[in-house]
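Undergrad: Quick one: structure below, then a few questions.
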Ligand code: ZN
């Protein structure tokens, strides 16, 4: 198990569009394992590779009773509906806001055998997939907000980060056990 530090708002990699993955290899398997471990260590619903400093098109979305959903070079091919729900992000801890997104999506992604597969999702799963795919495209949930709401959140962020240096959040074993 390898839990990696999480990049917070201000880290350039969060504003770097992730590059497509060519194929499945050991390095990618390790990246997915680390993503999954780090997501669970920080109680996240999902985690994109940029968030642990790797600008590649890979993300994981957690699920209560099944293994995490793995997204590799994901593309949304269909979307329908619109729903506004509260979102947060491991890269912007303690900030929350309502974000409107399509409520149902169909995503094409590569599976661990290198095949393209289609995944249908709705509800919180659809929301988490779209949030993580945003990360891969260098977009954060605050980018979906009105300028006023966004300004308010960034003001709160500055307050929260006051006196803190850098933009890495190191997860301690205690945090991982929480
Ligand atoms: Zn996020």
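Undergrad: Being in a loop (DSSP other than H, G, I, E, B) and in contact with a helix residue (DSSP H, G or I) (Cβ under 6 Å, 6 or more places away or on another chain) is the filter; apply it to the stretch 1-10 and report the residue that is surrounded by the fewest Cβ atoms within 10 Å (Cβ to Cβ).
TA: Looking at residues that are in a loop (DSSP other than H, G, I, E, B) and in contact with a helix residue (DSSP H, G or I) (Cβ under 6 Å, 6 or more places away or on another chain), I get 1.
Undergrad: Right, here's the next one. Given (1) part of a helix (DSSP H, G or I); (2) in contact with a strand residue (DSSP E or B) (Cβ under 8 Å, 6 or more places away or on another chain), identify the lone condition not met by residue 159.
TA: (2)
Undergrad: Going through 122, 113, 134, 94 one at a time, which residue ends up being closer than 19 Å to residue 45 by Cβ and loosely packed, with under 13 Cβ neighbours inside 10 Å?
TA: None of the other options fit; the residue is 94.
Undergrad: Within the set of pairs 6 or more residues apart or between chains, which connect a residue that is more than 17 Å from residue 23 (Cβ to Cβ) and modelled with pLDDT of 95 or more inside the stretch 48-61 to a residue that is assigned to a helix (DSSP H, G or I) and away from the ligand (no atom under 14 Å from the Cβ) with Cβ atoms less than 8 Å apart?
TA: 52/34; 60/32; 60/36; 61/125
Undergrad: Considering only the stretch 11-44, state which residues are touching a helix residue (DSSP H, G or I) at 6+ places or on another chain (Cβ under 8 Å) and at pLDDT 95 or above.
TA: 13, 14, 16, 17, 18, 21, 31, 34, 35, 38
Undergrad: Here's something else I'd like to know. If only one of 164, 125 is part of a loop (DSSP other than H, G, I, E, B) and either out of contact with any strand residue (DSSP E or B) (no Cβ under 7 Å at 6 or more places or on another chain) or within 16 Å of the ligand (Cβ to nearest atom) (or both), which one is it?
TA: When all the criteria are applied, what remains is 164.
The values are calculated or read from the model by the stated rules, or taken from the named source; none is laboratory data. Bear in mind that the values here come from a model prediction, so they are computed numbers and not experimental data. Please note: Cβ atoms are built from the backbone with ideal geometry, for glycine as well, and neighbour counts cover all protein chains shown.
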